[in-house]
1. Just checking, does the range 146-163 include any residue being closer than 29 Å to LEU256 by Cβ, β-branched (Val, Ile, Thr) and within 17 Å of the chain's Cα centre (by Cα)?
2. Confirm whether ARG212 is open to solvent by less than 60 Å² (accessible area, probe 1.4 Å), basic (Lys, Arg) and out of contact with any His (no Cβ under 9 Å at 6 or more places or on another chain).
3. Quick check, is SER193 open to solvent by 40 Å² or more (accessible area, probe 1.4 Å) and not acidic (Asp, Glu)?
4. Only one of SER271, SER234 is among the hydroxyl-bearing types (Ser, Thr, Tyr) and touching a Lys or Arg at 6+ places or on another chain (Cβ under 9 Å); which?
5. What are the residues in the range 1-13 that are touching a residue at least 40 places away in the same chain (Cβ under 8 Å) and either open to solvent by less than 20 Å² (accessible area, probe 1.4 Å) or not hydroxyl-bearing (Ser, Thr, Tyr) (or both), if any?
6. Looking at the range 217-270, which of the residues that are small (Gly, Ala, Ser) and outside any loop (DSSP other than H, G, I, E, B) is surrounded by the most Cβ atoms within 10 Å (Cβ to Cβ)?
Amino acid sequence: MDTEFLKTFVIVVEGGSIAEAARRLNLTPASVALRMRTLEKEFGTRLLVRSGRTVTPTEAGRALTELGRNLLRDVSNLKSALTTESPAGELRIGAVPTAITGLMPKILTAVQEVYPGLEIHIVPGQSAELHFKVLNGELDGAIIIQPYFALPKACGWAVLREEPLLVIVPSSMGGQDAHTVLATEPFIRYGRSFWGGRLVDSYLTQAKIRPRERFELSTLDAIAVMVDRGLGVSLVPDWSPPWPEGLSLAKLPLPLPTEPRRLGLLWMKGSARIRLVRVFLEQALVSLS
């Protein structure tokens, strides 16, 4: 089986038409249709159902689509591992929300300038789910909050950014004592179910502060907006800009030492795309230094 024919089939299914696939591949519709007939003859079953200008996969076609994507990915991995040329290929990288807005633009710009043949696909998510996807092979790497538990020896980890905890308040409350504010003002909590939220909970326990909890949110941008509106104060990591525009906030330092929130890249050392992962990490460290 010609992998180019298989690639064409996957593109036909994704685009929903022979004409769209022909446009994307710079082929004639007749050439694409011939490739589809060749695959159906080779597998001995119908793979596509045509309705006017659109096509949809049969049950066998749906199975081939998923298996074909995996096979094409494996072929790409093999070529990447064996080539001595400039690294090129597809890399699937997960990232938490603040990493997507605060770190990824710099990293992707650096990667594109040095390795134009490296194609990065970003998968958004929270640290726990992205950690799971890296370990089971769904992602090649992920920029997540450093886990609160020990990582398996098969994992690689590199810190990209450290973010100290601080108290954010409306600008009119600037200069006040952080602990007094936390103990007396309505509190907007960074969700305890999130890895970064665990650091907040740990600090409050260490400082023996029981805040007047008003809301518990998962999104740091939303917390900042609510603090700006005077709905409470919060204890958050000093995450990488941009923050929401038009806010008038003050940042109060904490009097007690605390662990920062660390963002880093997680990957599997035995990944078939380890060469590409190392290139991505190299450019991440350079662009964020």
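1. Pass one, the range 146-163, residues closer than 29 Å to LEU256 by Cβ: 146-151, 157-163.
Now drop any that are not β-branched (Val, Ile, Thr), which leaves 159.
Okay, now just the ones that are also within 17 Å of the chain's Cα centre (by Cα), so 159.
For the range 146-163, residues closer than 29 Å to LEU256 by Cβ, β-branched (Val, Ile, Thr) and within 17 Å of the chain's Cα centre (by Cα): present.
2. On the way: open to solvent by less than 60 Å² (accessible area, probe 1.4 Å): no; basic (Lys, Arg): yes; out of contact with any His (no Cβ under 9 Å at 6 or more places or on another chain): yes.
Against the criterion (open to solvent by less than 60 Å² (accessible area, probe 1.4 Å), basic (Lys, Arg) and out of contact with any His (no Cβ under 9 Å at 6 or more places or on another chain)), ARG212 does not qualify.
3. Considered against the rule, which asks whether it is open to solvent by 40 Å² or more (accessible area, probe 1.4 Å) and not acidic (Asp, Glu), SER193 comes out as yes.
4. Of SER271, SER234, the one residue that is among the hydroxyl-bearing types (Ser, Thr, Tyr) and touching a Lys or Arg at 6+ places or on another chain (Cβ under 9 Å) is SER234.
5. Just the residues of the range 1-13 that are touching a residue at least 40 places away in the same chain (Cβ under 8 Å), to begin with: 1, 3, 6-7, 9-10, 12-13.
MET1, LEU6, LYS7, PHE9, VAL10, VAL12, VAL13, listed by residue number.
6. Looking at residues that are small (Gly, Ala, Ser) and outside any loop (DSSP other than H, G, I, E, B), I get SER234.
Table: residues versus (1) within 18 Å of VAL75 (Cβ to Cβ); (2) in contact with a strand residue (DSSP E or B) (Cβ under 6 Å, 6 or more places away or on another chain).
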{"site": "GLY16", "(1), (2)": "no, yes"}
{"site": "ARG23", "(1), (2)": "no, no"}
{"site": "ARG35", "(1), (2)": "yes, no"}
{"site": "ARG46", "(1), (2)": "no, no"}
{"site": "SER51", "(1), (2)": "no, no"}
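Listed here are the residues, each with its yes/no results for (1) part of a helix (DSSP H, G or I); (2) out of contact with any Leu (no Cβ under 7 Å at 6 or more places or on another chain); (3) among the aliphatic types (A, V, I, L, M).
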| site | (1), (2), (3) |
| --- | --- |
| SER31 | yes, yes, no |
| LEU34 | yes, yes, yes |
| ARG37 | yes, yes, no |
| ARG46 | no, yes, no |
| VAL55 | no, no, yes |
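The values are calculated or read from the model by the stated rules, or taken from the named source; none is laboratory data. Predicted, not measured: the structure shown is a model, and the values here were computed from it. Reconstructed Cβ throughout: ideal geometry from the backbone, glycine too, with neighbour counts over all protein chains shown. Keep in mind that these areas ignore ligands, DNA and RNA; they rest on the heavy atoms of the full protein, side chains included. Shrake-Rupley method; radii C 1.70, N 1.55, O 1.52, S 1.80 Å.
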